[in-house]
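Novice: So that we are looking at the same thing, I have put the structure below in structure tokens.
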Amino acid sequence: SKAVTHHRRVMHFQRQKLMAVTEYIPPTPAVNPTCLPSPPGPPQETGLIRLLCREIAAVFQDNRMIAICQSVALSVEDKLLMRHQLRKHKILMKVFHNQVLKPFLEDSKYQNLLPLFVGHNMLLVSEEPKVKEMVRNLRTVPFLLLLGGCINDVDAILSRQGFINYSSLPSLPLAQGELVGGLTPLMAQTHSLLQHQPLKLTTLLDQYIREQSEKDSVVSANGKPDPPDPVPDSYPACLASPAHKYTLSFGCAGLHGRCGRTWGGGVHLSPGFH
């Protein structure tokens, strides 16, 4: 069989002219590509960035109150005055660049604070929660806006209103005083309830001893004993039984000497009087 050879079809002359006219010619670049700077590579961590990261980590670790503020046209004089007033209450003002601060927050437990870092921010930190003093000083500077922050708990973000509400809370000594004042009447009431039954028992026994003393004096005066009286209702039933023998001793104020008395059933009472 004969081989079939396919030849490329020649383009029409008019079509060749049309393709030549419409061919794209790229413009000549204004600057030679060899003169352009090389594209930026991945950022390299320098010694300064590592130092700032360690300082940021120390700030977030050593302070219990962290507040984020945004500076809006704050002059240098107002900034220095504000820094001085806050330092009186042991509140420090820290300024870090967001390019260094955000990578630290993304890899830490403080990542919930990331939405607050927009624009030029300042950190107001203190070892103790000095919220009341901070809010009072920030009210005098309208160009320094309080955005939010966290206190003692990094999982909860406090807004500006949250800081204001926190500042209105009573101080710790005042709250402790109110707690002690509320517990003192309850303790006094508990003490009185615990002392009520022993005092009542002592009163009943004292009354019984006086009655027995009066009967003994009558017997010694008449020379013959009187018939025994029934056991009073206030006398404990367990002591009135002859099967139980107890020796009770207690002190009665106002009487002197020592005496022994026998209750029904052989119960011997030997009180000591002082």
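Novice: Being in contact with a Gly (Cβ under 8 Å, 6 or more places away or on another chain), closer than 24 Å to residue 172 by Cα and at pLDDT below 90 narrows it down to one residue among 151, 157, 66; which is it?
Specialist: Going through 151, 157, 66 in turn, the sole match is 157.
Novice: I would also like to ask the following. So how many residues does the stretch 156-170 have that are surrounded by 15 or more Cβ atoms within 10 Å (Cβ to Cβ) and in a helix (DSSP H, G or I)? Lay out the reasoning, then the answer.
Specialist: We begin by selecting, within the stretch 156-170, every residue surrounded by 15 or more Cβ atoms within 10 Å (Cβ to Cβ); these are 157-158, 160, 162-164, 166-167.
Of the ones still in play, those that are also in a helix (DSSP H, G or I) are 160, 162-164, 166-167.
Residues meeting the conditions: 6.
Novice: Exactly one of (1) in the same structural domain as residue 125 (by the TED database); (2) farther than 24 Å from residue 160 by Cβ; (3) not in a helix (DSSP H, G or I) is unmet by residue 70. Its number?
Specialist: Just one mismatch for residue 70, condition (2).
Novice: State all residues of the stretch 74-107 that are among the polar types (S, T, N, Q) and within 30 Å of residue 45 (Cα to Cα); if no residue qualifies, say none. Before the answer, list the steps.
Specialist: So in the stretch 74-107, the residues among the polar types (S, T, N, Q) come out as 75, 85, 98-99.
Those that are among the polar types (S, T, N, Q) and within 30 Å of residue 45 (Cα to Cα): 98, 99.
Novice: Also: Please determine, by comparing only the residues of the stretch 88-111 that are touching a strand residue (DSSP E or B) at 6+ places or on another chain (Cβ under 8 Å) and not hydrophobic (A, V, I, L, M, F, W, C), which one is nearest to residue 162 (Cα to Cα).
Specialist: Ranking the qualifying residues of the stretch 88-111, first place goes to 110.
Novice: Suppose we filter the stretch 179-225 for residues that are surrounded by 10 or more Cβ atoms within 10 Å (Cβ to Cβ) and either among the basic types (Lys, Arg) or modelled with pLDDT under 70 (or both); how many remain?
Specialist: 4
Novice: Okay, moving on. Show the residue pairs meeting these rules: Cβ distance below 6 Å; 6+ apart or different chains; first residue within the stretch 99-112 and in the same structural domain as residue 55 (by the TED database); second residue surrounded by 14 or more Cβ atoms within 10 Å (Cβ to Cβ) and assigned to a loop (DSSP other than H, G, I, E, B).
Specialist: Pairs found: 109/154; 110/154; 112/157.
Novice: Answer yes or no as to whether residue 93 is out of contact with any helix residue (DSSP H, G or I) (no Cβ under 8 Å at 6 or more places or on another chain) and either in a helix (DSSP H, G or I) or not acidic (Asp, Glu) (or both). I'd like the intermediate steps shown before the answer.
Specialist: Values: out of contact with any helix residue (DSSP H, G or I) (no Cβ under 8 Å at 6 or more places or on another chain): no; either in a helix (DSSP H, G or I) or not acidic (Asp, Glu) (or both): yes.
No; evaluated as a whole, the condition is false for this residue.
The values are calculated or read from the model by the stated rules, or taken from the named source; none is laboratory data. These figures come from a predicted structure and were not determined experimentally. No Cβ is skipped: glycine too gets one built from the backbone with ideal geometry, and neighbour counts run over all protein chains shown.
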